[in-house]
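Step one of this worksheet: look at the structure below.
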Amino acid sequence: MDQIKNELTHKSKASKQDVRGRTIAFICIAVIMLVVLSILFMITSRGLSTFIQDKVPVSDFFTKTVWNPSAVDANGHYLVGALPMIVGSFSVTILAALLATPFAIATAVFMTEISPKRGQRILQPVIELLVGIPSVVYGFIGLTVVVPLTRQLFGGTGFGILSGTFVLFVMVLPTITSMYIDSLKSVPRFYREASLALGATRWQTISRVVIRASVPGLLTAIVFGMARAFGEALAVQMVIGNAALLPHNLLSPASTLTSVLTTGIGNTVMGTLPNNALWTLALILLVMSLLFNLLTRYIGRKGGLK
Amino acid sequence: MENVITAENMRLYYGEKEALHGINLAFPKNQITALLGPSGSGKSTFLRSLNRMNDLIPDVTITGSVKFEGQDIYSPKMDVVNLRKRVGMVFQQPNPFPFSVYDNVIYGLKLEGVKDKKLLDQRVEESLKQAAVWDETKDHLKESALSFSGGQQQRICIARVLAVQPDMILMDEPTSALDPVSSSKIEDTMLELKNDYTVAIVTHNMQQAARISDYSAFFLNGDLIETEATQQMFVNPVQEQTSDFLNGKFG
C-alpha cells in the first residue's frame with residue numbers, strides 16, 4: 001500500500017520530463033516575443049520621433065514631394081516629403097502583381113490541372129529555383145539586361161518604374177504561382193467530378209469551377225506576392241534610378257521606400273532628423289507588411305465561410 | 001418495355017484485374033432500378049461506367065457493349081460531353097459548388113450557352129420544385145449552397161441535374177451520408193421523378209430498395225447474380241446468394 005501511495009503522490013520521470021519540455025518551449029517563445037516586441041518598439045519610437053521630436057507635420061511627410069532631409073526650405077521647414085517614394089513603392093508593387101497574376105494563373109493551372117506529371121517534374125524545380133535566387137542576382141540581371149532593353153524599346157535612360165516592375169515581376173511570379181498551386185490543389189476533387197458529370201468539358205470545369213472556387217486562394221497569393229514586392233530592396237534599387245522625385249511616367253527615374261533606406265542608411269547620424277526620417281520610412285514599411293498580413297487573414301476568413 | 005440503357009456482356013478491368021465479369025442489365029424507361037450488393041461488389045463501378053465517369057480513372061478498360069438509346073457509349077464516335085448531359089449523376093456526398101443556389105442550378109444550362117434570364121429563372125424554379133427543395137431555398141437563391149444542410153444540399157444537387165433535363169439519372173448511394181428524415185425526403189423526390197425520368201440507384205440499404213425501386217439487380221464480387229422485379233426478388237429470390245444477402249447473412 002505504502003509503495004503505491006508513494007508512487008502516486010510523487011512526480012514520475014515522465015511527468016518531470018513533461019514539465020522540463022514545457023519550460024524550454026516557454027523560454028524559447030519568450031525570447032522570440034522579446035525580440036519581436038523590441039523590434040516593433042524600436043522602429044515605432046524612432047519612426048515617430050520625426051513627428052514628435054523634430055516637429056515635422058504628418059501631413060507634410062505624406063504629401064510633400066521634396067526629399068532632402070539634411071536641408072530646410074525658405075521657411076525653415078525640413079524637406080522630408082516622402083510622397084515620391086510612397087508612389088514609387090506602390091506603383092512597382094501593383095504593376096508587378098498585375099503583370100505576374102495572369103502568368104501565375106496559367107502556370108499553376110497547367111501544373112495542377114492540365115499536365116500534373118510534367119508540371120511536377122519540370123516546372124516545380126524551376127519555380128523553386130526562381131525563389132532561391134538571391135535578389136542581388138536579379139538586380140544584376142536587371143541592370144545588364146532589363147535596363148538596356150527598356151532603354152531601347154521605350155526610350156529614356158532605362159532606369160525607372162518600368163524596369164523595376166519587370167524585375168519584380170520575375171521575383172514575385174514564383175511566390176504567387178506556388179501559393180496558387182497549393183490553393184488549386186485544395187479544391188476538392190468532387191467539384192471537378194460534379195462539373196464533368198453535368199457535361200462540362202475539362203476546360204469548362206477548370207475555368208468555371210476550379211478557378212472560381214479558388215479565388216480566395218488566388219487573392220491571398222497575390223497579396224503575398226505584393227508583400228514580397230513591397231519589401232524588396234536591393235534588386236529594385238539597382239534598376240529604378242534612385243531619384244527621389246515624383247515619377248511623371250513609367251520611364252522616369254524614381255525610388256521606393258526600400259531603395260531610399262538602403263542608399264541613405266549609411267550616410268546619416270543617429271538621432272538626427274535625416275536618420276529619424278529614414279526610420280519613419282521603415283515604420284511605413286512595417287505598417288504596410290502588417291496590413292498585407294491582415295488582408296490575407298481577412299481573405300482567408302471570408303473565403304473559408306463560403 | 002422500352003429500355004434506356006442496355007449493358008451486354010460488359011467487362012471492366014482496372015489494369016489487368018477484371019472487376020466486372022460480364023454484366024447483362026437493362027434499365028427500363030420511367031422505372032427505378034436499384035443496384036444492390038455488399039461493399040466491393042462492383043455496383044458503383046458499374047453505375048459510374050454508364051456515363052463514363054470511370055474515364056477519369058487511369059488504366060480502366062471496358063469490353064462488351066453499353067448502349068444508350070441504341071448507341072454504344074464506348075464507341076470512339078460517342079461525344080462524352082453530350083452523353084453526360086443526357087445521363088446525369090448524383091453522388092454519395094452532396095457536392096454543390098461553392099456558389100449560390102441559383103448559380104449551382106443553372107450551371108449545366110450555362111454550359112450549353114443559355115443566357116435568357118427568364119428561361120433560367122423558370123428552370124431554376126421548376127428544378128428546385130421537382131427536387132422538393134423549392135420551399136427551403138426560394139428566399140435564399142443568392143446564398144451559398146454550402147450554407148444549407150446536407151439533405152438540402154443533396155436535393156440542390158438533384159435539382160442541378162434536373163435543370164439540364166437528362167433522360168436518365170444515376171444515383172450513387174445518394175442518401176448514405178444523410179440522416180433518416182432527409183433520406184426519406186429524397187426517396188419521395190425519386191418516386192416523383194419516375195414520371196419523367198429513368199433512375200438507377202446504388203444503395204446499401206435494402207429497405208430503401210424495397211420502398212422505391214421497381215427492379216432490383218444484385219451484385220456480388222463483380223458478378224450480376226440476379227435481376228428481378230423488386231417485389232419478386234424480395235419475396236422469392238431465385239438464387240441462394242441473393243436470399244442470404246437479403247436475410248442479412250452477409251454484407
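The values are calculated or read from the model by the stated rules, or taken from the named source; none is laboratory data. Model, not experiment: these values are computed from the prediction. Glycine gets a Cβ as well: all are built from the backbone with ideal geometry, and neighbour counts include every protein chain shown.
Please pick out the residue among A:LYS16, A:LYS11 that is modelled with pLDDT under 95, among the basic types (Lys, Arg), over 22 Å from A:VAL269 (Cβ atoms) and not in a helix (DSSP H, G or I).
None of the others qualify; the one that does is A:LYS11.
Would you mind stating whether A:THR175 is in contact (Cβ under 8 Å) with a residue 60 or more places away in the chain and not hydrophobic (A, V, I, L, M, F, W, C)?
Criteria not met by A:THR175.
Which residue is surrounded by the fewest Cβ atoms within 10 Å (Cβ to Cβ), if the candidates are limited to the range B:211-246 and must be out of contact with any Leu (no Cβ under 7 Å at 6 or more places or on another chain) and assigned to a strand (DSSP E or B)?
It comes out as B:ALA229.
Step by step: first the residues of the range B:137-175, then only those that are within 11 Å of chain A (Cβ to nearest Cβ) and not in a helix (DSSP H, G or I), then the one that is nearest to the chain's Cα centre (by Cα). Which residue is that?
Among residues in the range B:137-175 that are within 11 Å of chain A (Cβ to nearest Cβ) and not in a helix (DSSP H, G or I), the one nearest to the chain's Cα centre (by Cα) is B:LEU170.
Can you pull out the residues in the range B:1-15 that are touching a strand residue (DSSP E or B) at 6+ places or on another chain (Cβ under 6 Å) and assigned to a loop (DSSP other than H, G, I, E, B)?
Within the range B:1-15, B:MET1 is the sole residue that qualifies.
Kindly provide the set of residues from the range B:1-57 that are β-branched (Val, Ile, Thr), buried (at least 16 other Cβ atoms within 10 Å of the Cβ) and farther than 16 Å from B:GLY70 by Cβ, ordered by number.
Passing the criteria: B:ILE23, B:ILE32, B:THR33, B:THR45.
If you scan the range A:194-240, which residues turn out to be touching a residue at least 60 places away in the same chain (Cβ under 8 Å), of a type in the set (D, E, K, R) and not in a loop (DSSP other than H, G, I, E, B)?
Result: A:ARG202, single match.
Do we have B:SER49 as over 24 Å from B:LYS29 (Cβ atoms), within 14 Å of chain A (Cβ to nearest Cβ) and either modelled with pLDDT of 95 or more or touching a strand residue (DSSP E or B) at 6+ places or on another chain (Cβ under 7 Å) (or both) here?
no
Within the range A:190-210, track down each residue that is among the basic types (Lys, Arg) and more than 9 Å from chain B (Cβ to nearest Cβ).
Hit for the range A:190-210 is A:ARG202, nothing else.
Within the range B:220-250, which residues are of a type in the set (Gly, Ala, Ser) and modelled with pLDDT of 90 or more?
Correct list: B:GLY222, B:ALA229.
Of all the helices (runs of 4 or more DSSP H) wholly in the range A:81-146, which have at least 3 residues that are crowded, with 22+ Cβ neighbours inside 10 Å and small (Gly, Ala, Ser)?
In the range A:81-146, A:83-109 are the helices (runs of 4 or more DSSP H) which contain 3 or more residues that are crowded, with 22+ Cβ neighbours inside 10 Å and small (Gly, Ala, Ser).
May I ask you to list the residues in the range B:87-110 that are within 11 Å of another protein chain (Cβ to nearest Cβ), crowded, with 19+ Cβ neighbours inside 10 Å and assigned to a helix (DSSP H, G or I)?
Across the range B:87-110, the qualifying residues are B:ASP103, B:ASN104, B:VAL105, B:TYR107, B:GLY108, B:LEU109.
Quick check, is B:ARG84 within 25 Å of B:ALA19 (Cβ to Cβ) and at the interface with chain A (Cβ under 9 Å from one of its Cβ atoms)?
yes
Which ones in the range A:241-274 are part of a helix (DSSP H, G or I) and among the polar types (S, T, N, Q)?
Residues satisfying the conditions are A:THR258, A:SER259, A:THR262, A:THR263, A:ASN267.
Kindly check whether there is at least one residue in the range B:181-195 that is surrounded by fewer than 20 Cβ atoms within 10 Å (Cβ to Cβ), of a type in the set (Gly, Ala, Ser) and free of Cβ contacts under 8 Å to residues at least 24 places away in the same chain.
Yes, the range B:181-195 has at least one match.
Mind listing just one residue for me: the one in the range A:180-189 that is aliphatic (A, V, I, L, M) and more than 10 Å from chain B (Cβ to nearest Cβ) and, of those, surrounded by the fewest Cβ atoms within 10 Å (Cβ to Cβ)?
A:LEU184
Hand me the list of strands (runs of 3 or more DSSP E) wholly inside the range B:16-75 holding 2 or more residues that are farther than 24 Å from A:LEU196 by Cα.
Those strands (runs of 3 or more DSSP E) span B:17-28.
Where the second residue is small (Gly, Ala, Ser) and the first is within 14 Å of chain A (Cβ to nearest Cβ) and lies in the range B:111-131, which pairs have Cβ atoms under 7 Å and are six or more apart or on separate chains?
B:LEU111/A:GLY199; B:LEU111/A:ALA200; B:ARG123/B:ALA163; B:SER127/B:ALA159; B:SER127/B:ALA163
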